[in-house]
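Novice: Got a structure here, written out as structure tokens. Questions coming.
Only the coordinates and a few stated rules stand behind these numbers; no lab work does. Bear in mind the structure is a predicted one, so any value in this text is a computation, not a measurement. Positions of Cβ are backbone-derived with ideal geometry, glycine not excepted, and every protein chain shown enters the neighbour counts.
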Amino acid sequence: MTPKKRPQRTLGQALPEFALTLPVLMLILLIAVDFGRLAQGWVTLNNTTRIAANYAAAMPAGPFGSGSEYETTVRNESNNSPCAIATIPTPTFAPDTNVGSTATVSITCDFKLLTPFIGGLVGDPVPISATAIFTVRSGTIAGVPVPPPPPCTPSTLVVPNLVGLTLSQARTAWTGAGFTGAFNPSGSPNKVVTGQVPGAGQCRPPSQAVFVTHT
């Protein structure tokens with residue numbers, strides 16, 4: 001008895017199957033592209049925010065308004081970002097602009113999605129925010145002018161002033177300054193920092209750990 005031949009798939013059968021799977025493949029590709037663009041936007045925004053806060057800490061007297069060197073520097077850093085920054089915010093200083101205080105910059109950008117399906121779920125554009133805190137290192141101490149110290153080398157960062165902040169705020173300031181080392185010790189987020197090692201304004205590698213005392 002002659003065995004029956006198995007039916008062969010024809011080109012006419014493959015085309016409808018391909019047409020059905022193509023939209024799914026395109027959607028997956030767009031989602032992957034969006035995640036890559038989102039990661040790039042997040043990294044660029046964090047770098048831009050750090051540069052803005054570092055500028056404010058070095059020149060607390062400003063100016064910071066429209067057309068200033070501060071605004072131009074920040075916008076130049078974010079030019080190639082897929083996340084659009086509508087407004088460059090003015091830095092805030094705590095408790096004042098004197099040496100040892102902190103300069104804080106928070107920037108929000110709008111990330112425009114390519115995938116309509118994802119945009120319908122999470123909203124489009126997607127707001128992304130970043131905050132950086134640096135220690136003011138020029139200005140006055142008791143009314144005496146203090147020139148800015150020499151800049152840190154490219155492989156080091158300026159240690160922020162954590163004294164007077166809550167543990168929660170200090171931990172945010174430590175990571176916001178770019179440090180990846182441990183923050184010790186852990187405790188109640190509302191405890192207030194009374195001392196720190198290394199001290200504010202020093203240049204340390206990003207892996208540096210910080211040890212604080214608190215109330």
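Novice: Of 43, 136, 212, how do they rank once you tally other Cβ atoms within 10 Å and put the fewest first?
Specialist: By the 10 Å Cβ count, ascending, the order reads 43, 212, 136.
Novice: Can you give the net charge of the other residues whose Cβ lies under 14 Å from the Cβ of residue 41, counting K and R as +1 and D and E as -1?
Specialist: Spelling it out: positives minus negatives among the neighbours equals -2.
Novice: Between region 46-78 and region 177-201, how far is it from one alpha carbon centroid to the other, in angstrom?
Specialist: 25
Novice: When each pair of different Cα atoms in region 150-215 is counted once in the 1/r mean, what is the Kirkwood radius in angstroms, to one decimal?
Specialist: 11.7
Novice: OK, next. What is the calculated FRET efficiency for residue 75 to residue 209, with r their C-beta to C-beta distance and R₀ = 35 Å, to the nearest 0.05?
Specialist: Rounded to the nearest 0.05, the efficiency is 0.50.
Novice: Go ahead and run the numbers for FRET between residue 29 and residue 84, Cβ-Cβ distance against an R0 of 35 Å, rounding to 0.05.
Specialist: 0.90
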